[in-house]
1. Scan the range 60-81 for residues that are surrounded by 13 or more Cβ atoms within 10 Å (Cβ to Cβ), part of a helix (DSSP H, G or I) and of a type outside the set (D, E) and jot them down.
2. Quick one: in the range 184-227, of everything that is under 16 Å from the mean Cα position of the chain (by Cα) and part of a loop (DSSP other than H, G, I, E, B), which residue is surrounded by the most Cβ atoms within 10 Å (Cβ to Cβ)?
3. Just wondering, is there one or more residues in the range 131-146 that are on the phi < 0 side of the Ramachandran plot and in contact with a strand residue (DSSP E or B) (Cβ under 6 Å, 6 or more places away or on another chain)?
4. Is one or more of the residues making up the range 167-177 assigned to a loop (DSSP other than H, G, I, E, B) and modelled with pLDDT of 95 or more?
5. Is it the case that F84 is within 21 Å of D183 (Cβ to Cβ) and not in a loop (DSSP other than H, G, I, E, B)?
6. Could you identify the single residue in S104, S126 that is polar (S, T, N, Q) and assigned to a loop (DSSP other than H, G, I, E, B)?
7. Taking the range 144-162 only, how many residues are at pLDDT below 95 and out of contact with any Asp or Glu (no Cβ under 8 Å at 6 or more places or on another chain)?
8. For the range 156-170, give me each residue that is surrounded by 21 or more Cβ atoms within 10 Å (Cβ to Cβ) and either over 15 Å from R125 (Cβ atoms) or assigned by TED's automatic domain parsing to the domain that holds R14 (or both).
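The values are calculated or read from the model by the stated rules, or taken from the named source; none is laboratory data. Predicted model, so just to flag it, every value in this text is computed and none were measured. Here the Cβ is made from the backbone with ideal geometry for all residues, glycine too, and neighbour counts use every protein chain on show.
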Amino acid sequence: MSDVLDRAFAFMARGDMAGTDFEETEFGTAVQSYEAPLRQDSNYLLVESTGADASQLAGAVQALGLQVVVVKDEANGTRLADEFAALTWHIHRHVVMVHRRPPSKDVTTEVATEVDEAVLREFRRSGILSEPWGSPELADQIIRSKQLLAERLTARFFAVLDGGRPVAATELYLDPPEAQVEDVATLESHRNRGYASALVAHAVVQARAAGATFVFLVARADDWPHKLYERLGFETAGFYYKFFI
(Lines give C-alpha, C1' and ligand atoms only; values in the text may rest on other atoms or scores of the structure.)
Protein backbone atom coordinates (compact mmCIF):
# COMPACT_ATOMS: atom_id res chain seq x y z
CA MET A 1 0.00 0.00 0.00
CA SER A 2 1.28 3.49 -0.81
CA ASP A 3 2.56 5.92 1.79
CA VAL A 4 -0.47 8.12 1.04
CA LEU A 5 -2.92 5.35 1.92
CA ASP A 6 -0.89 4.49 5.01
CA ARG A 7 -1.15 8.11 6.10
CA ALA A 8 -4.91 8.23 5.52
CA PHE A 9 -5.47 4.98 7.43
CA ALA A 10 -3.31 6.15 10.32
CA PHE A 11 -5.44 9.28 10.58
CA MET A 12 -8.71 7.33 10.40
CA ALA A 13 -7.44 4.97 13.11
CA ARG A 14 -7.16 8.01 15.39
CA GLY A 15 -10.51 9.40 14.31
CA ASP A 16 -13.39 8.02 12.27
CA MET A 17 -12.29 4.37 12.51
CA ALA A 18 -11.11 4.43 16.11
CA GLY A 19 -12.38 1.93 18.68
CA THR A 20 -12.03 1.41 22.41
CA ASP A 21 -10.64 -2.16 22.39
CA PHE A 22 -7.95 -3.71 20.21
CA GLU A 23 -6.81 -7.31 19.81
CA GLU A 24 -3.98 -8.57 17.66
CA THR A 25 -4.90 -11.73 15.73
CA GLU A 26 -3.06 -13.90 13.23
CA PHE A 27 -4.81 -11.98 10.42
CA GLY A 28 -4.59 -8.42 11.71
CA THR A 29 -6.02 -6.06 14.31
CA ALA A 30 -9.54 -6.50 15.67
CA VAL A 31 -11.07 -3.14 16.55
CA GLN A 32 -14.17 -2.90 18.74
CA SER A 33 -16.10 -0.14 20.47
CA TYR A 34 -18.20 -0.75 23.56
CA GLU A 35 -19.65 2.73 23.03
CA ALA A 36 -20.90 2.07 19.47
CA PRO A 37 -21.04 -1.71 19.00
CA LEU A 38 -23.39 -1.52 15.99
CA ARG A 39 -21.32 0.96 13.99
CA GLN A 40 -19.33 -0.77 11.25
CA ASP A 41 -16.46 1.72 11.19
CA SER A 42 -15.87 1.20 14.92
CA ASN A 43 -16.04 -2.61 14.91
CA TYR A 44 -14.02 -4.58 12.34
CA LEU A 45 -11.04 -6.77 11.60
CA LEU A 46 -8.33 -4.78 9.84
CA VAL A 47 -6.55 -7.40 7.77
CA GLU A 48 -2.75 -7.29 7.54
CA SER A 49 -2.24 -10.85 6.28
CA THR A 50 -2.16 -11.34 2.52
CA GLY A 51 -2.43 -15.13 2.56
CA ALA A 52 -5.76 -15.80 4.29
CA ASP A 53 -8.82 -16.77 2.26
CA ALA A 54 -12.33 -15.43 2.77
CA SER A 55 -13.53 -18.45 4.73
CA GLN A 56 -10.69 -18.07 7.22
CA LEU A 57 -11.34 -14.36 7.65
CA ALA A 58 -15.08 -14.85 7.96
CA GLY A 59 -14.55 -17.47 10.65
CA ALA A 60 -12.12 -15.26 12.55
CA VAL A 61 -14.45 -12.28 12.41
CA GLN A 62 -17.46 -14.21 13.64
CA ALA A 63 -15.40 -15.78 16.45
CA LEU A 64 -14.54 -12.25 17.55
CA GLY A 65 -18.20 -11.26 17.54
CA LEU A 66 -17.69 -8.91 14.59
CA GLN A 67 -19.30 -8.66 11.15
CA VAL A 68 -16.86 -6.55 9.13
CA VAL A 69 -13.54 -7.24 7.40
CA VAL A 70 -11.50 -4.26 6.18
CA VAL A 71 -8.72 -5.03 3.68
CA LYS A 72 -6.53 -2.01 3.07
CA ASP A 73 -4.33 -3.68 0.45
CA GLU A 74 -6.12 -3.27 -2.87
CA ALA A 75 -4.59 -6.33 -4.55
CA ASN A 76 -5.49 -8.51 -1.58
CA GLY A 77 -9.02 -7.09 -1.51
CA THR A 78 -9.47 -7.73 -5.22
CA ARG A 79 -8.34 -11.32 -4.71
CA LEU A 80 -10.82 -11.82 -1.88
CA ALA A 81 -13.81 -10.14 -3.52
CA ASP A 82 -15.04 -13.17 -5.48
CA GLU A 83 -14.53 -15.40 -2.45
CA PHE A 84 -16.61 -13.16 -0.19
CA ALA A 85 -19.25 -12.87 -2.91
CA ALA A 86 -19.49 -16.67 -2.92
CA LEU A 87 -20.13 -16.48 0.83
CA THR A 88 -22.93 -13.96 0.07
CA TRP A 89 -21.20 -11.19 2.02
CA HIS A 90 -21.65 -7.57 0.97
CA ILE A 91 -18.70 -5.93 -0.79
CA HIS A 92 -17.85 -2.24 -0.78
CA ARG A 93 -14.84 -0.90 -2.65
CA HIS A 94 -13.75 2.49 -1.33
CA VAL A 95 -11.55 5.11 -2.94
CA VAL A 96 -9.26 7.37 -0.91
CA MET A 97 -8.93 10.78 -2.54
CA VAL A 98 -6.45 13.52 -1.64
CA HIS A 99 -6.94 17.23 -2.36
CA ARG A 100 -4.11 18.33 -4.65
CA ARG A 101 -5.31 21.09 -6.99
CA PRO A 102 -7.86 23.90 -7.37
CA PRO A 103 -11.41 22.99 -8.41
CA SER A 104 -12.06 22.59 -12.13
CA LYS A 105 -15.59 23.97 -11.66
CA ASP A 106 -16.93 27.21 -10.27
CA VAL A 107 -17.94 26.82 -6.64
CA THR A 108 -19.76 29.34 -4.48
CA THR A 109 -19.09 28.63 -0.82
CA GLU A 110 -21.07 31.48 0.74
CA VAL A 111 -24.02 29.19 1.50
CA ALA A 112 -21.88 27.06 3.83
CA THR A 113 -21.93 27.94 7.50
CA GLU A 114 -20.31 26.39 10.57
CA VAL A 115 -22.71 24.90 13.13
CA ASP A 116 -22.56 23.02 16.41
CA GLU A 117 -22.70 19.23 16.20
CA ALA A 118 -26.07 19.24 17.97
CA VAL A 119 -27.63 21.22 15.11
CA LEU A 120 -27.08 18.27 12.77
CA ARG A 121 -28.37 15.47 15.01
CA GLU A 122 -31.91 15.26 13.65
CA PHE A 123 -30.64 15.74 10.10
CA ARG A 124 -28.26 12.80 10.55
CA ARG A 125 -30.85 10.70 12.37
CA SER A 126 -33.48 11.07 9.65
CA GLY A 127 -30.90 10.20 7.01
CA ILE A 128 -29.90 7.01 8.82
CA LEU A 129 -33.49 5.97 9.44
CA SER A 130 -34.31 6.43 5.74
CA GLU A 131 -31.78 3.73 4.82
CA PRO A 132 -32.76 0.03 4.66
CA TRP A 133 -30.06 -0.73 7.25
CA GLY A 134 -31.04 2.10 9.59
CA SER A 135 -32.51 1.65 13.07
CA PRO A 136 -33.07 3.99 16.05
CA GLU A 137 -30.37 2.23 18.06
CA LEU A 138 -27.82 2.46 15.26
CA ALA A 139 -28.72 6.11 14.68
CA ASP A 140 -28.08 6.84 18.36
CA GLN A 141 -24.68 5.15 18.19
CA ILE A 142 -23.59 6.89 14.99
CA ILE A 143 -24.57 10.27 16.39
CA ARG A 144 -22.81 9.45 19.65
CA SER A 145 -19.70 8.56 17.66
CA LYS A 146 -19.55 12.14 16.36
CA GLN A 147 -19.30 13.38 19.93
CA LEU A 148 -16.65 10.78 20.80
CA LEU A 149 -14.59 11.69 17.74
CA ALA A 150 -14.53 15.30 18.89
CA GLU A 151 -12.74 14.09 22.03
CA ARG A 152 -9.91 12.61 19.93
CA LEU A 153 -9.52 15.19 17.17
CA THR A 154 -10.82 18.63 16.32
CA ALA A 155 -14.22 18.07 14.69
CA ARG A 156 -15.98 20.89 12.85
CA PHE A 157 -19.42 20.76 11.31
CA PHE A 158 -20.74 22.68 8.31
CA ALA A 159 -24.23 23.00 6.89
CA VAL A 160 -26.44 24.76 4.41
CA LEU A 161 -29.46 26.07 6.29
CA ASP A 162 -32.93 26.72 4.89
CA GLY A 163 -35.19 28.49 7.35
CA GLY A 164 -32.73 27.61 10.08
CA ARG A 165 -32.96 23.90 9.28
CA PRO A 166 -30.02 21.90 7.83
CA VAL A 167 -30.64 20.71 4.29
CA ALA A 168 -27.05 19.69 3.55
CA ALA A 169 -24.04 19.00 5.75
CA THR A 170 -20.48 17.79 5.96
CA GLU A 171 -17.84 17.35 8.65
CA LEU A 172 -14.15 18.13 8.95
CA TYR A 173 -11.83 16.17 11.21
CA LEU A 174 -8.59 17.99 11.98
CA ASP A 175 -5.25 17.01 13.46
CA PRO A 176 -2.84 19.12 11.39
CA PRO A 177 -1.02 18.47 9.18
CA GLU A 178 -3.78 15.94 8.35
CA ALA A 179 -7.49 16.50 7.84
CA GLN A 180 -10.43 14.43 6.61
CA VAL A 181 -13.67 15.63 4.99
CA GLU A 182 -16.46 13.20 5.83
CA ASP A 183 -20.19 12.48 5.78
CA VAL A 184 -21.34 14.70 2.91
CA ALA A 185 -25.13 14.60 2.58
CA THR A 186 -27.94 16.64 1.05
CA LEU A 187 -31.69 16.23 1.45
CA GLU A 188 -33.19 14.84 -1.75
CA SER A 189 -35.49 17.86 -1.98
CA HIS A 190 -32.48 20.21 -2.10
CA ARG A 191 -30.13 18.39 -4.45
CA ASN A 192 -28.66 19.73 -7.70
CA ARG A 193 -28.16 23.19 -6.19
CA GLY A 194 -24.40 22.94 -5.62
CA TYR A 195 -24.67 22.51 -1.86
CA ALA A 196 -22.39 19.47 -1.62
CA SER A 197 -19.74 21.23 -3.71
CA ALA A 198 -19.99 24.34 -1.57
CA LEU A 199 -19.64 22.40 1.67
CA VAL A 200 -16.69 20.28 0.57
CA ALA A 201 -14.86 23.27 -0.92
CA HIS A 202 -15.50 25.27 2.25
CA ALA A 203 -14.24 22.43 4.43
CA VAL A 204 -11.02 22.26 2.38
CA VAL A 205 -10.47 26.01 2.78
CA GLN A 206 -10.99 25.71 6.53
CA ALA A 207 -8.63 22.73 6.73
CA ARG A 208 -5.89 24.64 4.91
CA ALA A 209 -6.42 27.68 7.13
CA ALA A 210 -6.01 25.44 10.19
CA GLY A 211 -2.63 24.20 8.95
CA ALA A 212 -3.57 20.95 7.19
CA THR A 213 -1.35 20.11 4.23
CA PHE A 214 -2.82 16.61 3.69
CA VAL A 215 -6.59 16.78 3.15
CA PHE A 216 -8.41 13.64 2.10
CA LEU A 217 -11.80 11.97 1.93
CA VAL A 218 -13.20 8.49 1.32
CA ALA A 219 -15.97 7.62 -1.14
CA ARG A 220 -17.62 4.55 -2.60
CA ALA A 221 -15.74 3.66 -5.77
CA ASP A 222 -18.92 2.55 -7.54
CA ASP A 223 -21.01 5.64 -6.75
CA TRP A 224 -21.15 9.04 -8.47
CA PRO A 225 -19.89 11.43 -5.72
CA HIS A 226 -16.24 10.60 -6.36
CA LYS A 227 -16.65 12.23 -9.79
CA LEU A 228 -17.82 15.40 -8.05
CA TYR A 229 -14.81 15.30 -5.73
CA GLU A 230 -12.50 15.05 -8.74
CA ARG A 231 -13.95 18.30 -10.04
CA LEU A 232 -13.30 19.85 -6.63
CA GLY A 233 -9.57 19.09 -6.82
CA PHE A 234 -9.34 15.65 -5.23
CA GLU A 235 -7.27 12.92 -6.89
CA THR A 236 -7.40 9.16 -6.37
CA ALA A 237 -4.69 7.85 -4.06
CA GLY A 238 -5.83 4.24 -3.90
CA PHE A 239 -8.54 1.79 -2.97
CA TYR A 240 -9.48 -0.53 -0.13
CA TYR A 241 -12.24 -3.06 0.50
CA LYS A 242 -14.85 -3.59 3.16
CA PHE A 243 -16.59 -6.98 3.39
CA PHE A 244 -19.51 -7.42 5.74
CA ILE A 245 -22.36 -9.82 6.55
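1. A60, V61, N76, G77, T78, R79, L80, A81
2. A221
3. Of the range 131-146, the ones on the phi < 0 side of the Ramachandran plot are 131-146.
Subsequent filtering for residues that are in contact with a strand residue (DSSP E or B) (Cβ under 6 Å, 6 or more places away or on another chain) retains none.
No; the residues of the range 131-146 include none that is on the phi < 0 side of the Ramachandran plot and in contact with a strand residue (DSSP E or B) (Cβ under 6 Å, 6 or more places away or on another chain).
4. Within the range 167-177, the first condition is being assigned to a loop (DSSP other than H, G, I, E, B), and the residues that meet it are 176-177.
When the remaining residues are screened for being modelled with pLDDT of 95 or more, the result is 176-177.
Yes, there is a match, as at least one residue in the range 167-177 is assigned to a loop (DSSP other than H, G, I, E, B) and modelled with pLDDT of 95 or more.
5. No; evaluated as a whole, the condition is false for this residue.
6. Values: S126 fails: assigned to a loop (DSSP other than H, G, I, E, B).
Exactly one residue qualifies, and that residue is S104.
7. 2
8. F158, V160, A168, T170
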